[in-house]
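What follows draws every value from the coordinates through simple rules; no lab data is involved. The model shown is predicted, which means the values in this text are computed figures rather than measured ones. Positions of Cβ are backbone-derived with ideal geometry, glycine not excepted, and every protein chain shown enters the neighbour counts.
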Amino acid sequence: MFSSIKLKLPKFNIDWVMIFSTIPLLAAGLMTMNSLTGQSYHFNRQLVWLLLAFLVFFICAAIDWRFLRRSGFVLMIYLFGVASLFMLFLFGEVTRRTFSWFALGGVSFQPAEMVKLFLIIILAKYFTRRHIEISQIKHIILSGFYAFVPFVLIFLQPDLGSAMIVFFIWLGLTMVSGISLKHLLLVFLIGTLAFGGLWLFVLHDYQKQRIVSFLNPMEDIRGSGYNAFQSMLAVGSGQIFGKGLGFGSQSRLKFLPEYQTDFIFAAFAEEWGFLGVVLVFLLFGIIIWRILANAKLGTTNFEMLFGVGLAIMLMSHFIIHVGMNIGFLPITGLPMPFLSYGGSHLLTTFAGLGILTGMRKYSLAFHREDVNNEFVGPQ
């Protein structure tokens, strides 16, 4: 009776090098959160987010994502993301003078994170259809409009860090798609003029002060430059081998603010030192390498551009977070991929990795020779 019943399980073609490289980073973030205080609030909640993130990853990895090649569906999810950003101004929770979160019970969600992923999808779709004529300025303007709408809505929350990520996703994908040099220079000119306008008419005083304190954090150590100064002090005090897990004085004594999110790199560097930082850079580099390697295996330009966009998103987060922790960039409040506490960014990141894995599932058959050469060398 039951012999004729066949249970069809989803097939996974997972890049285990990519996934296993995330585990030490996730563990490092958990240990850093748990070692700083006697309380384990962030540690316990992050464990739950990690379980949900891996569940999301395997669900996304089991889906055939070729339906994303349909323009109507891609436009629908983009409009959904934009609508969620609009709704923040009506129903969002105000935290530290920003409208960035929806609060449902004891759980908060930041829609700007998923909008970054939606933007990658719609830009990948747009440039796929117009890759031959991308050098025309009209396509740069039209693609810029897709990024401009969420950029403005995120900036007005105000969330300068996530707005910067939106811009870098658009800029990176535009450059990869074949923008001409003169048009690129025009983009930078427009960006410079736009920044001037933002500085004069849009930026709040505290946002301007963050940029000023970045240029000279020693000018107001007790005020706007306090966070930047304490972060640099924590990173420097780690030296070569670090102070040891749980012995970071800047973080344990709470001189370092927001150690579990905005400044987790500084907290980690203080306890693990230069050698720990090198390991983090190495693991993150492996992840980006594997993302780009999987993107290269895409059956169409859409899959390739999606992978490149995902790499740009994670690299932008990584560079900006590290930069603001060591005093090279202004404090923007961006999380460190895989290390920082927070469910919205973690779920979005693993959803992106899962989508890329799902695309890999139907692309491997078309690139079997490339895969073999990559791991065992040409025959």
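Extension gain for the segment PHE67 to GLN239, taken as residue separation times 0.36 nm less the Cα-Cα distance, is 56.9 nm to one decimal. With R₀ set to 41 Å, the beta-carbon distance separating LYS208 from ASN301 gives a calculated FRET efficiency near 0.50. Relative contact order of region 25-365, taken over Cα pairs closer than 8 Å and 6 or more residues apart, is 27 percent.
Among 275-287, 334-346, the peptide with the highest mean count of other Cβ atoms within 10 Å heads the list, and the full ranking is 334-346, 275-287. For region 25-365, the ratio of Cα radius of gyration to the globular rule of thumb 2.2 N^0.38 Å stands at 1.00.
For region 25-365, the number of Lys pairs separated by eight or more positions or lying on different chains, with C-alpha atoms closer than 28 Å, is 16. Provide the FRET efficiency to the nearest 0.05 for the TYR41-PHE328 pair, computing r from the beta carbons and using R0 = 25 Å. After rounding, the FRET efficiency stands at 0.20. Given their separation in residues at 0.36 nm each and the Cα-Cα distance between them, LYS182 and LEU279 gain 31.0 nm when the chain is fully extended.
In this structure the amide hydrogen of TRP101, modeled in the peptide plane, comes within under 5 Å of the amide hydrogens of GLU93, none closer than 5 places in sequence on its chain. Taking 0.36 nm per residue of separation and subtracting the current Cα-Cα distance, fully stretching the chain between ALA103 and PHE145 would add 12.2 nm. In terms of packing, defined here as the mean over residues of other Cβ atoms within 10 angstrom, the peptides 107-115, 350-358, 240-248, 182-190 line up highest first as 350-358, 107-115, 240-248, 182-190. Applying 1/(1 + (r/R0)^6) with r as the Cβ-Cβ distance of SER249 and LEU292 and R0 = 45 angstrom yields a FRET efficiency of 0.70.
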